[in-house]
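First comes the structure, then the notes that go with it.
FYI, it's all coordinate maths here, none of it is from the lab. In this text the structure is predicted, and so the values were computed from the model without any measurement. Here Cβ is always computed from backbone atoms with ideal geometry, including for glycine, and neighbour counts include all displayed protein chains.
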Amino acid sequence: MLKNLRDYSGSSTVFVDATIFLHHAFDSNPVSVEFLSRIETSKIKAYTSALVLEEVSYKIMMQSASNFIERVTVRHVKNFLENRKHRAKVLSPLIEYMDYIDKLREAGMVVIDLKGSDIRDAARLAKDNGLITADAAHLAVMVRRSIHHIVTEDSDFATVPDITVWSPSAIK
């Protein structure tokens with residue numbers, strides 16, 4: 001089921017996907033930014049996973065690297081990061097954003113560790129629901145923790161039974 005994030009009351013426990021953090025990090029969606037500010041004030045019981053934060057970290061790092069190198073590939077970024085001064089420039093925005101994640105954690109957001117059984121379960125969930133493996137791993141964590149609501153811009157979750165998707169771009 002797909003719902004508009006603007007209508008989220010905060011009464012249900014919710015899993016926060018990478019897209020929401022990236023909207024905030026790049027200031028690209030005011031609905032996502034406002035939602036995270038509600039977590040900051042402890043008005044929402046939010047969860048995310050270590051895998052989500054890895055996705056966010058990778059994308060922030062690659063975006064930052066694009067400010068310094070012409071062709072952003074994993075190999076080019078790795079080569080660029082070999083230089084200590086370059087490394088500091090590229091990784092500063094990531095470190096700053098992880099400080100913001102710590103602020104959310106202090107406000108009550110819980111970061112769930114990924115278990116080996118989650119990866120095993122993700123394979124089945126990917127097959128059953130037509131999800132890519134990373135999304136299926138998020139779903140496996142949600143199932144393990146009995147979380148039935150997800151905040152994401154990824155509409156693929158809308159076809160998963162018993163999951164309510166709260167999207168910042170859902171049309172009323």
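At-a-glance table
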| quantity | calculated |
| --- | --- |
| Cβ-based exposure ranking for Ile147, Ile95, in which fewest neighbours within 10 Å come first | Ile95, Ile147 |
| Charge dipole (the chain, unit charges on Cβ, about Cα centre) - positive-most of Val143, Tyr47, Asn67 | Asn67 |
| Taking Lys43, Lys127 and counting other C-beta atoms within 10 Å, the order from fewest to most | Lys127, Lys43 |
| Fewest-first sequence of Met62, Met109, Met142 by Cβ atoms within 10 Å of each Cβ | Met62, Met109, Met142 |
| Cα centre as origin, Lys/Arg/Asp/Glu Cβ charges: the stretch 2-167 dipole, Debye | 420 |
| 10 Å Cβ shell holding at most 13 others, DSSP loop, GluC sites (Glu not before Pro): longest site-free stretch of the chain | 83-172 |
| The stretch 71-172 - charge dipole about Cα centre, Lys and Arg +1 at Cβ, Asp and Glu -1, debye rounded to 20 | 580 |
| 12 Å beta-carbon shell around Leu22, net charge (K/R +1, D/E -1) | -4 |
| Spread of Cα-to-Cα distances over 5 Å intervals beginning at zero, given as percent, for the stretch 1-125 | 2, 10, 17, 19, 16, 14, 12, 6, 2, 0 |
| Cross-link reach list, lysines versus Lys127, counting only Cα pairs under 24 Å and skipping chain neighbours closer than eight places | Lys115 |
| Rounded Å value of the spacing that divides the Cα centres of the stretch 37-55 and the stretch 72-135 | 14 |
| Pairwise FRET efficiency - Thr133 versus Glu34, Cβ, R0 = 35 Å, nearest 0.05 | 0.70 |
